[in-house]
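A.B. asks: Pasting a structure below so you can have a look.
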Amino acid sequence: MNKTLTLDIVSDVSCPWCIIGYKALEQALANLAPDIQAKITWQPFELNPQMPPEGQEITEHITQKYGISVEQAAQNREAIIQRGLSVGYEFGERRGGGMIYNTFDAHRLLHWAEEFYLEKQMALKLALFDLYFKENGNPSNHAQLLSVIEKVGLDVVEAKSVLDSDKFTVEVRQQQQHYQSAGISSVPAVIVNNKHLISGGQPTEIFEKALKQIANEV
């Protein structure tokens, strides 16, 4: 069997379960290679579309959003850190909390990369995860976003023209609406061959089993 699956991963760059889920998926694909391979495209989802430019302290945000205590938020954060380590991802500077920010401009850059530099979209997405989680960065800050663009080898001048305009605003909003209309209300959501949904930051073995089953049906 030698099958190539199309994977659309709906996610946000400030979602810890999204990078955890991706790292588990990456392990699953490594285990299934070369029999099963994947073409992966990242699709937009905003956890906090109404977040103002200045952001919000994350513990304050989490306790308000989910109605939990500060202690519960700390326990959840520690569980996420440990789960990240189990799939080889170190949350770095974000371990102690920090701020949560609006991510819409990051999604516009990801759409730009998908449109014109698809082979670079993966590197950009992973670098944006690292900006937020490892470097305690701000994915709404244009200077920081352009630094990431330069790091992954994309055109900084072109990216700046995107950020300084409203380019891809309509397209990103349409994509968000498309996935929301399809019933995606939490992320990560991995859509396989535009048909099968694997929801949440699943363990490697769950991704492996699901992908194998889907590939056998193709």
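The values are calculated or read from the model by the stated rules, or taken from the named source; none is laboratory data. For clarity, every value in this text was computed on a predicted model and none was experimentally measured. Cβ coordinates were reconstructed from backbone atoms using ideal geometry, including for glycine residues, and neighbour counts include every protein chain displayed. Ligands, DNA and RNA are excluded from the accessible area calculation, which covers all protein heavy atoms including side chains. Shrake-Rupley method; radii C 1.70, N 1.55, O 1.52, S 1.80 Å.
A.B. asks: Here are some conditions: (1) buried (at least 20 other Cβ atoms within 10 Å of the Cβ); (2) small (Gly, Ala, Ser); (3) out of contact with any Asp or Glu (no Cβ under 7 Å at 6 or more places or on another chain). ALA28 meets all but one. Which one does it not meet?
C.D. replies: So the condition that ALA28 fails would be (3).
A.B. asks: Considering only the stretch 45-53, I want to know if a residue exists there that is open to solvent by 40 Å² or more (accessible area, probe 1.4 Å), hydrophobic (A, V, I, L, M, F, W, C) and under 13 Å from the mean Cα position of the chain (by Cα).
C.D. replies: Yes; the residues of the stretch 45-53 include at least one that is open to solvent by 40 Å² or more (accessible area, probe 1.4 Å), hydrophobic (A, V, I, L, M, F, W, C) and under 13 Å from the mean Cα position of the chain (by Cα).
A.B. asks: Those residues that are open to solvent by 50 Å² or more (accessible area, probe 1.4 Å), among the polar types (S, T, N, Q) and more than 22 Å from the chain's Cα centre (by Cα), I need them from the stretch 58-89; list them, please.
C.D. replies: Those that are open to solvent by 50 Å² or more (accessible area, probe 1.4 Å), among the polar types (S, T, N, Q) and more than 22 Å from the chain's Cα centre (by Cα): GLN64, GLN72, GLN75.
A.B. asks: If you don't mind, another one. How many of the residues in the stretch 9-25 are over 16 Å from LEU124 (Cβ atoms) and open to solvent by 10 Å² or more (accessible area, probe 1.4 Å)?
C.D. replies: 3
A.B. asks: Quick check on the stretch 136-157. Is at least one of its residues within 23 Å of GLY84 (Cβ to Cβ) and within 14 Å of the chain's Cα centre (by Cα)?
C.D. replies: Looking for residues that are within 23 Å of GLY84 (Cβ to Cβ) and within 14 Å of the chain's Cα centre (by Cα), one finds at least one in the stretch 136-157, hence yes.
A.B. asks: Could you list all residues from the stretch 165-218 that are among the polar types (S, T, N, Q) and open to solvent by less than 60 Å² (accessible area, probe 1.4 Å)?
C.D. replies: Hits for the stretch 165-218 are SER165, THR169, GLN175, GLN176, ASN193, SER199, GLN202, THR204.
A.B. asks: Can I ask one more? Being in contact (Cβ under 8 Å) with a residue 40 or more places away in the chain and not aliphatic (A, V, I, L, M) is the filter here; which residues of the stretch 195-218 pass it?
C.D. replies: Hits for the stretch 195-218 are GLY200, GLY201, GLN202, PRO203, THR204, GLU205, PHE207, GLU208, LYS212, ASN216.
A.B. asks: Under 7 Å by Cβ, and 6 or more places apart or on different chains, what pairs join a residue from the stretch 169-194 that is farther than 25 Å from ALA210 by Cβ with one that is small (Gly, Ala, Ser)?
C.D. replies: Note: no pairs meet the criteria.
A.B. asks: Could you list, in sequence order, all residues of the stretch 136-195 that are small (Gly, Ala, Ser) and in contact with a Phe, Trp or Tyr (Cβ under 8 Å, 6 or more places away or on another chain)?
C.D. replies: SER140, ALA159, ALA189 - these are the residues of the stretch 136-195 that are small (Gly, Ala, Ser) and in contact with a Phe, Trp or Tyr (Cβ under 8 Å, 6 or more places away or on another chain).
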